[in-house]
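To start, the structure itself, in structure tokens.
The values are calculated or read from the model by the stated rules, or taken from the named source; none is laboratory data. Worth saying up front: this structure is predicted, and the values here are computed from it rather than measured. No Cβ is skipped: glycine too gets one built from the backbone with ideal geometry, and neighbour counts run over all protein chains shown.
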Amino acid sequence: MDAENKKVEYALFCAWGIAFIATLGSLYFSEILLFIPCELCWVQRIFMYPLAITLAIAAVKKDVRQAVYSLPISIIGMGVSLYHYFIQKVPALAESSNACGVIPCHAEYINVAGFITIPFLALVAFSSITLLMIYVIFKSKE
């Protein structure tokens, strides 16, 4: 039983690490590389930054109940990231995003291997946190 508790603690710690790295990455893009975030990038930040704080507290306190509160935030952030990624990669959606703000939401600051963009990185982070939170919830119920 103690090994299962350690796995849950590691899952919380990994989720915090992902949120922390994503937060530092977004700050690196905007503050160091001087990429101006579009409106949807700001929305994704609104969902990622609190996860970095709440999951840090959960990991330190080993509070598995925090997963229940973090899961909806990561699912909503995942949805916004997926929508933003579709705006960048689906031409029909890109046409309607010109009025997104100062920076159009279909702009791609980075594009590695033809599919890795900033919203894709956020999508991977939110998806990973979501899967880890689901794991923590199911393992803590056992």
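Condition check for VAL68 on (1) in contact (Cβ under 8 Å) with a residue 40 or more places away in the chain; (2) surrounded by fewer than 17 Cβ atoms within 10 Å (Cβ to Cβ); (3) over 27 Å from LEU12 (Cβ atoms): one failure, at (3).
Per this entry, TRP42 is not counted among residues that are free of Cβ contacts under 8 Å to residues at least 60 places away in the same chain and closer than 17 Å to SER127 by Cα. Annotation note: of VAL136, VAL60, the sole residue that is surrounded by fewer than 15 Cβ atoms within 10 Å (Cβ to Cβ) and either modelled with pLDDT of 95 or more or outside any loop (DSSP other than H, G, I, E, B) (or both) is VAL60. Quick one: in the range 71-91, of everything that is at pLDDT 90 or above, over 18 Å from GLU39 (Cβ atoms) and not hydrophobic (A, V, I, L, M, F, W, C), which residue is surrounded by the most Cβ atoms within 10 Å (Cβ to Cβ)? Selected residue: SER74.
Within the range 1-10, can one find any residue that is closer than 30 Å to PHE115 by Cβ, part of a helix (DSSP H, G or I) and either touching a Ser or Thr at 6+ places or on another chain (Cβ under 9 Å) or aliphatic (A, V, I, L, M) (or both)? Show your work before the answer.
Kept after step one, since they are closer than 30 Å to PHE115 by Cβ, are these residues of the range 1-10: 10.
Retained after the next criterion (residues that are part of a helix (DSSP H, G or I)): 10.
Okay, now just the ones that are also either touching a Ser or Thr at 6+ places or on another chain (Cβ under 9 Å) or aliphatic (A, V, I, L, M) (or both), so none.
No, every residue in the range 1-10 fails to be closer than 30 Å to PHE115 by Cβ, part of a helix (DSSP H, G or I) and either touching a Ser or Thr at 6+ places or on another chain (Cβ under 9 Å) or aliphatic (A, V, I, L, M) (or both).
Screening ILE103 against (1) closer than 23 Å to ALA19 by Cβ; (2) in contact (Cβ under 8 Å) with a residue 24 or more places away in the chain leaves a single unmet condition, (1).
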